[in-house]
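First up is the structure itself, then whatever we jot down about it.
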């Protein structure tokens, strides 16, 4: 059996420190995003037209000046990478390096790339169907994955945003959180449910369909990591899903009648 990262005897002081650390990390990162997304869902439900009548723009332009807009987009990417770095640093300070949570320096075709592409298809294709169904039933807002201006840097920035989202979410919600909960003595299933609920919560701005879809994604991704201890496939899968969504919407919106 493989050794589990962070399996050491902890004192009660250590446990309190880890609990406090988790709370602080979540307040700074996705926990606060989850609360904000829940409020956005309530606001959408109370607005004229309900949830189905609202539009949510991802990766919006931040300035009418192209150079400033580019800098704003790069700052958003840097913020997400900083969140991931925070989780990795805190684990490293406690003796758990990146390799221990599945971030080996070298990607492997069979162990990382192929599973990543498989997970992308497993999550992405049904996820699109769930979104279209939820939108038709009025349970999802209209999501605009990319609304940047037609600048030379638009596509590279969208790819960077997709990769940054993937790194931040998978490092923090899977690698960091599941490792810390395991150190606290949580069972695999309990930890998995907590991480999946967190992932679903900060996607509630998309509506109930988006929250449910990402909860399922959290269960699948978390279980994959618990069984393989490989994080690269999750990052690759997530980055692929977001990249296809961002770039695909950019080129296909207005040309496909079924795409909101």
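Read-outs: derived from the displayed coordinates by stated rules, not from any lab. If you're wondering where the values come from, they're calculated on a predicted model, not measured in any experiment. Here Cβ is always computed from backbone atoms with ideal geometry, including for glycine, and neighbour counts include all displayed protein chains.
Table for the structure above
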| read-out | value |
| --- | --- |
| Residues being in a loop (DSSP other than H, G, I, E, B), in contact (Cβ under 8 Å) with a residue 24 or more places away in the chain and within 27 Å of residue 65 (Cβ to Cβ) - total across segment 126-165 | 6 |
| Among the residues listed as 256, 155, the single one being surrounded by fewer than 20 Cβ atoms within 10 Å (Cβ to Cβ) and touching a helix residue (DSSP H, G or I) at 6+ places or on another chain (Cβ under 7 Å) | 155 |
| Residue within segment 214-229 that is over 24 Å from residue 118 (Cβ atoms), touching a residue at least 40 places away in the same chain (Cβ under 8 Å) and in a loop (DSSP other than H, G, I, E, B) present | no |
| Residue in segment 68-80 that is buried (at least 16 other Cβ atoms within 10 Å of the Cβ) and within 25 Å of residue 229 (Cα to Cα) present | yes |
| Exclusive hit being surrounded by fewer than 16 Cβ atoms within 10 Å (Cβ to Cβ) and on the phi < 0 side of the Ramachandran plot, set 214, 189 | 189 |
| Candidates 196, 168, filtered to the one that is buried (at least 23 other Cβ atoms within 10 Å of the Cβ) and either part of a loop (DSSP other than H, G, I, E, B) or within 13 Å of the chain's Cα centre (by Cα) (or both) | 168 |
| Count - residues of segment 93-117 that are surrounded by 14 or more Cβ atoms within 10 Å (Cβ to Cβ) and in a helix (DSSP H, G or I) | 9 |
